[in-house]
Each structure stands twice: as C-alpha cells, then as structure tokens.
Amino acid sequence: MTDTAQVAGVPAAPSPGAGVLAAFEAATGFMPVDEGLALYAAAVEAAQRTGLPLLEVGSYCGRSTILLADAARQAGTLALTVDHHRGSEEQQPGWEYHDASLVDPEVGLMDTLPRFRRTLHAAGLEPYVIALVGRSPQVAAVWGAPLGLVFVDGGHTDEHATADYEGWVPHLAPGGVLVVHDVFPDPADGGQAPYRIYLRALAEGFTEVSVHGSLRVLRRD
Ligand code: SAH
Ligand code: MG
C-alpha cells in the first residue's frame, strides 16, 4: 500500500484484499503495483456504478486481469479479457521484453494462455473471467454487449492501439470508463501510440478522472 494519508471525510479508494493483492504481485506481467491499485479503484467504481462487464485488451499472463476480476466479482459482474496470447512485437524472441519460458516448444511460438489460466485459477478468480482468445479488432467487430469499462493494454504500435480504441470504445456504455496504460507524453519515456489514443479520447469527449504513472483513467457521459 502507499503511505498516502487519508483525508478526513473522504472515503479511502477501494483496494484489493490481501490474497488478491498477493496474487497480483506474484503474477508475471507488466503492471506496476501503484498503477494496478489505480486500475483496481477505477474498475470497482465503474463496475458498481454501471453493473456492466469490464473489458481488458492485453491479458498476457493475467496480472492486471486479477484486479479486474476481483472488481467484477464484488459488483456481481464479469471481467472479459482479449488476447491472441502470441505476444506483442516487443515480446518476441530477440526483443527487449521476451520471456523464453513463455514459448510453446511444440509450436515454437509464444503462448501465454497456460500461465494466464494457472494464475487466475490460483487466485480463485476463474469464475469471474471470460478469456477471449483472438485478435482484438476481430473480437470487437463481433462483440454486441455494452461495457462498463474498457482497459487498453494490448499492442503498442499505432496500428494496434488505434484498432483497440476504434474497436472497443463504441461498446462503452454512457458513463463508461476508458483506461489506457503506457501513456508517455515524453517520447524519451516510451512509445507514443497509447499517448495518441489518450489524446484522441480527450478530443472525442472523454474527461480525465485520474492519472497514476503511465495509467490514465477517463470517463465519457
Ligand atoms: N495487461 C498485462 C500486459 C499486457 S502485454 C499485464 O498486466 O501484465 C500486451 C498483450 O497484448 C500481449 O499479451 C499480446 O499478446 C497482446 N496483444 C497485442 N496485440 C494484440 C492484438 N491485436 N489482439 C490481441 N492481443 C494483442
Ligand atoms: Mg501495459
């Protein structure tokens, strides 16, 4: 937990129970703890207010999914998470974020689905998750139900980030929350594609709810 003092009269942001937090911290992935807690708070708020499912693009090994699943569980809804499980560009062999333990030796390609499933099972959160295995734009194109939250944490090229935004934002219910990860206004800190969809969201009527590191929480009424 952070050492932020609680302001009198202001309810503390919801935080996950010890077991969920431990499972999140132990999981393989790319979500820092402080940003994860901000994602969790946004997910609890969106799930409880809208009662609608929460959707993630970029399941990877289930690290952030744990938080969305626990938020969904509390609100009596579900977390949906989309990934082809073959890894992003920067996770392929020879690239900076490659993890050789995630290659399926029989197929010779990345396969993060087995670890994803073990992680959600061990956290006791499997009943609150629907894993959609496929390419995000293709799943979005056949999706038909309103969503309370869309969390964009998939491919970091402009092609992928733009397709995630254009594919999923139309499914967001009025009052729904859009969360974008890896937003770096300064190119020295990281790629610009998530930053560009964040700017586009602001230009298209979303307002900023909170900022935590590279995590941006937006809402459109
Ligand atoms: N949220 C995760 C990290 C996600 S990493 C965590 O908390 O650790 C990004 C993931 O996006 C990778 O698993 C990759 O396979 C997936 N991805 C990239 N482009 C995609 C696309 N077009 N469709 C589906 N998944 C995609
Ligand atoms: Mg990320």
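The values are calculated or read from the model by the stated rules, or taken from the named source; none is laboratory data. Note that the structure is predicted; figures quoted are calculated from it, not measured. For neighbour counting, all protein chains shown are included, and Cβ atoms are generated from backbone atoms with ideal geometry for every residue, glycine included.
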Lone qualifier among Ser64, Ser59, Ser88 - being within 16 Å of ligand 2 (Cβ to nearest atom), among the small types (Gly, Ala, Ser), more than 19 Å from Gly213 (Cα to Cα) and crowded, with 22+ Cβ neighbours inside 10 Å: Ser59
Can you tell me which of Glu96, Glu25 is modelled with pLDDT under 95 and either surrounded by fewer than 24 Cβ atoms within 10 Å (Cβ to Cβ) or part of a helix (DSSP H, G or I) (or both)? Glu96
Name every residue in region 99-116 that is under 19 Å from Thr65 (Cα atoms) and free of Cβ contacts under 8 Å to residues at least 24 places away in the same chain, in order of residue number. Pro114
Leading residue by the ranking (nearest to ligand 1 (Cβ to nearest atom)) among those in region 203-217 that are out of contact with any strand residue (DSSP E or B) (no Cβ under 7 Å at 6 or more places or on another chain) and either among the polar types (S, T, N, Q) or outside any loop (DSSP other than H, G, I, E, B) (or both): Ser214
Just one of the numbered conditions (1) away from ligand 1 (no atom under 14 Å from the Cβ); (2) part of a helix (DSSP H, G or I) is not true of Ala141; which one? (1)
Among the residues of region 156-194 satisfying the criterion of being of a type in the set (A, V, I, L, M, F, W, C) and outside any strand (DSSP E or B), which is nearest to ligand 1 (Cβ to nearest atom)? Ala163
Taking region 27-43, which residues are farther than 9 Å from Leu67 by Cβ and within 12 Å of ligand 1 (Cβ to nearest atom)? Ala27, Thr28, Gly29, Phe30, Pro32, Val33, Glu35
Condition first: outside any loop (DSSP other than H, G, I, E, B) and within 16 Å of ligand 2 (Cβ to nearest atom). Can you find one or more residues in region 73-81 that meet it? yes
